[in-house]
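The values are calculated or read from the model by the stated rules, or taken from the named source; none is laboratory data. Source: prediction; values computed, not measured. As a convention, Cβ positions derive from the backbone with ideal geometry for all residues, glycine included, and neighbour counts pool all protein chains shown.
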Amino acid sequence: MAPSQSGVGAGHGGMHGGMHGGMHGGMHGGMHGGMNAGAYPGLGNASAIPISDALVPGAVPDHFVLMQPASFPPQEWDAGLSVTALLPVILPALSLAALEPGPYPAVNSSDAAQEIRDILILRNEHLRDRAAEIADQSGRFDQYFHNLLSVSGYSKPATARLIALGVLVAGIVGLHFKARFNRPRPVQLYPGLLPFLPTPAHASYPSNHATQAFTVAALLAQALDRENSGLKHYVDALAERIAVNREVAGLHYRSDTLAGQHIAGALAAQLATVPQVAAIRDAAREELAGFGLNGAPIDTRDILAGRWTIEGQDDAQD
């Protein structure tokens with residue numbers, strides 16, 4: 001009996017999907033794991049090796065000695081896990097009432113309709129150029145701040161922890177308010193939006209990406225001195241870009257982003273009063289002090305036009 005066309009199609013689709021998914025997953029996992037291994041080798045695992053039994057099988061036991069490490073090396077702690085261990089201390093110190101973002105525009109209001117139009121405009125203007133980074137930022141985005149500030153778990157461990165702390169705590173606070181307000185996602189108001197990414201399985205308001213990114217930026221600003229305060233412009237710009245990318249993707253309204261930004265400023269101020277957080281911030285300040293000092297101001301319009309304006313001189317760039 002000949003197989004049905006639907007059966008053949010299903011089989012072909014399954015094979016194609018499985019092969020494509022396996023290849024893509026393997027390549028992505030290998031690349032991601034390889035890059036992370038370079039930044040965070042892990043104890044005794046600078047490079048992965050395919051050994052499945054103990055070293056020197058059958059060796060006489062007295063040829064070896066047991067080492068006596070004092071503790072697990074602090075520099076080997078994963079940044080995210082090290083700040084997760086502080087949550088029982090940090091969360092009780094927060095006042096959620098002081099972080100309240102206020103109500104969002106009613107779903108049947110002209111403001112909500114305008115926000116849908118704004119999403120469509122952003123999508124038409126930016127999605128083609130930003131598609132790759134939007135997809136990459138759909139999960140964690142610590143690496144963007146790491147790239148901006150030349151951070152790794154070894155070069156700037158405290159800065160890595162400060163970034164991880166901002167992402168972690170802001171994510172928890174953001175989810176609290178998402179559950180409280182339970183705002184419908186943009187695609188629920190306008191199904192024809194067809195978001196670039198799958199809509200997350202939680203409410204829209206506030207944007208957690210915005211809450212997290214702006215909290216990280218605010219914490220990093222606390223770690224900057226007057227001499228290198230120019231870095232604040234860069235971390236703020238990155239936070240804004242990460243937040244707006246979620247609007248470009250069709251996942252958030254502008255008011256979601258603004259609510260996240262509001263929460264972030266107040267949250268960072270509260271976190272600064274927690275001694276354990278202040279200690280991480282102060283250590284990050286020492287690391288960032290060596291990043292560089294403020295230089296001459298430049299006009300970004302000159303950069304885009306191929307000119308640098310330094311000390312009153314316009315130098316054309318080849």
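Suppose the filter is out of contact with any His (no Cβ under 8 Å at 6 or more places or on another chain), of a type in the set (D, E, K, R) and within 30 Å of Ala85 (Cβ to Cβ); does Arg128 pass it?
no
Out of the residues in region 126-141 that are charged (D, E, K, R) and without any contact (Cβ under 8 Å) to a residue 60 or more places away in the chain, which is nearest to Lys156 (Cα to Cα)?
Residues of region 126-141 charged (D, E, K, R): 128-130, 133, 136, 140.
Checking the rest, the ones that are also without any contact (Cβ under 8 Å) to a residue 60 or more places away in the chain come to 128-129, 136, 140.
On the way: Arg128: 34, Asp129: 31, Asp136: 23, Arg140: 19 Å.
Ranking the candidates gives Arg140 first.
Kindly provide the set of residues from region 142-184 that are part of a loop (DSSP other than H, G, I, E, B), modelled with pLDDT of 95 or more and crowded, with 21+ Cβ neighbours inside 10 Å, ordered by number.
Arg183
Residue by residue through region 86-108, note down the ones that are among the hydrophobic types (A, V, I, L, M, F, W, C), surrounded by fewer than 11 Cβ atoms within 10 Å (Cβ to Cβ) and not in a helix (DSSP H, G or I).
Passing the criteria: only Ala106.
Might you check whether a residue that is buried (at least 16 other Cβ atoms within 10 Å of the Cβ), of a type in the set (A, V, I, L, M, F, W, C) and in contact (Cβ under 8 Å) with a residue 60 or more places away in the chain occurs anywhere in region 222-229?
yes
Could you check Asp129 against (1) surrounded by fewer than 12 Cβ atoms within 10 Å (Cβ to Cβ); (2) under 18 Å from His252 (Cα atoms) and say which number it fails?
Just one mismatch for Asp129, condition (2).
Could you tell me whether region 191-203 includes any residue that is at pLDDT 95 or above, part of a helix (DSSP H, G or I), of a type outside the set (Lys, Arg) and crowded, with 16+ Cβ neighbours inside 10 Å?
No: zero hits.
Residue by residue, here is whether (1) surrounded by 13 or more Cβ atoms within 10 Å (Cβ to Cβ); (2) more than 23 Å from Glu125 (Cβ to Cβ); (3) at pLDDT 70 or above; (4) within 19 Å of the chain's Cα centre (by Cα) holds:
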position	(1), (2), (3), (4)
Leu251	yes, no, yes, yes
Thr257	yes, no, yes, yes
Ile263	yes, yes, yes, yes
Gln270	yes, yes, yes, no
Thr273	no, yes, yes, no
Ala289	yes, yes, yes, no
Ile298	no, yes, yes, no
Trp308	yes, yes, no, no
Asp315	no, yes, no, no
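Quick check on this structure: which one of Glu240, Glu227 is acidic (Asp, Glu), modelled with pLDDT under 95 and part of a helix (DSSP H, G or I)?
Glu227
Kindly provide the set of residues from region 130-141 that are modelled with pLDDT of 95 or more and either part of a helix (DSSP H, G or I) or not polar (S, T, N, Q) (or both), ordered by number.
Once the filter is applied, which keeps residues that are modelled with pLDDT of 95 or more and either part of a helix (DSSP H, G or I) or not polar (S, T, N, Q) (or both), region 130-141 yields Arg130, Ala131, Ala132, Glu133, Ile134, Ala135, Asp136, Phe141.
Quick check, is Ala85 under 17 Å from Ala283 (Cβ atoms), at pLDDT 95 or above and either of a type outside the set (Asp, Glu) or within 19 Å of the chain's Cα centre (by Cα) (or both)? Give the derivation first.
Numbers: under 17 Å from Ala283 (Cβ atoms): yes; at pLDDT 95 or above: yes; either of a type outside the set (Asp, Glu) or within 19 Å of the chain's Cα centre (by Cα) (or both): yes.
Here the answer is yes, as Ala85 does meet what is asked.
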